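Below is one structure, written out as structure tokens, with a few remarks after it.
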Amino acid sequence: DKNIVRSKLSTIDENSKPIFGKMNGQQMIEHLSFLLQISNGDVDADHYVSDEKSARRKPFLNTEGELQVGFKMKTLSEEPSELKFNSVGEAINDLFIQIDSFNNHFKTVKAENHPFFGELDFEYWQKFHTKHFTHHFKQFNLL
């Protein structure tokens with residue numbers, strides 16, 4: 001629910017420190033947006049994942065399992081990305097634009113490539129985003 005997400009994120013400011021990892025609060029929000037942009041086709045994640053790897057990894061998305069602390073996709077930098085927006089508020093607004101874009105994108109598209117799990121349809125992307133948001137909300141003690 002967007003209102004819950006917005007109210008949780010509204011507690012973050014530029015001084016928010018993570019429980020784990022290197023990102024600050026705004027970098028985390030922009031990171032969530034970046035993964036949404038991959039799922040909504042705006043960012044090309046043509047990192048090839050073999051069918052075999054995809055078949056091994058994808059079932060995890062059907063479990064209650066959480067993304068592990070310290071998990072990093074090889075395609076992402078070790079260091080947090082430069083900030084894209086001037087404020088946390090702008091980053092949050094962009095996040096909701098990306099969520100809407102994601103929902104609209106899958107009205108006309110069957111699947112998008114995930115750089116770790118391989119090709120995912122709407123349902124599997126939703127499962128991924130839920131795990132991903134949960135992971136980063138825990139990073140900033142928002143749950």
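Okay, here's what the table says:
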item: Principal semi-axes in Å for the chain [√(5λ), Cα gyration tensor, largest first]; result: 24, 17, 15
item: Listed residues S77, M28, F60: farthest to the positive end of the dipole of region 27-90 (Cβ charges); result: F60
item: Cross-link pairs beyond the 19 Å C-alpha cut-off, checked among K84/K110; K72/K110; K58/K131; result: K84/K110; K72/K110
item: Accessible solvent surface per residue of region 50-143, calculated while the other protein chains remain in place, 1.4 angstrom probe, Å²; result: 61 Å²
item: Sulfur and carbon atoms: percent of accessible area, region 57-143 [1.4 Å]; result: 50 percent
item: Calculated P(r) tail over 18 Å for region 61-143, as whole % of Cα pairs; result: 56 percent
item: Zero-based 5 Å bins, Cα pair distances in region 13-60, whole percents; result: 5, 17, 16, 15, 18, 16, 9, 3, 1
item: Check: region 5-100 dipole with +1 on Lys, Arg Cβ and -1 on Asp, Glu Cβ, in debye; result: 400 debye
item: Contour minus Cα-Cα distance for D44 and K8 (0.36 nm per residue); result: 10.0 nm
item: Selection of chymotrypsin sites (Phe, Trp or Tyr not before Pro), region 57-106, meeting DSSP coil and at most 14 other Cβ within 10 Å; result: F71
item: ³J(HN,Hα) computed for each position of region 94-105 - Karplus, 6.51 cos²θ - 1.76 cosθ + 1.60, integer Hz, glycine/proline x; result: 5, 4, 6, 4, 5, 4, 5, 4, 4, 4, 6, 4
item: Cα centroid separation, region 69-135 to region 32-49 (Å); result: 7 Å
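The values are calculated or read from the model by the stated rules, or taken from the named source; none is laboratory data. Source: prediction; values computed, not measured. Cβ sites come from the backbone with ideal geometry, for glycine too, and all protein chains shown count toward neighbours. Keep in mind that these areas ignore ligands, DNA and RNA; they rest on the heavy atoms of the full protein, side chains included. Shrake-Rupley method; radii C 1.70, N 1.55, O 1.52, S 1.80 Å.
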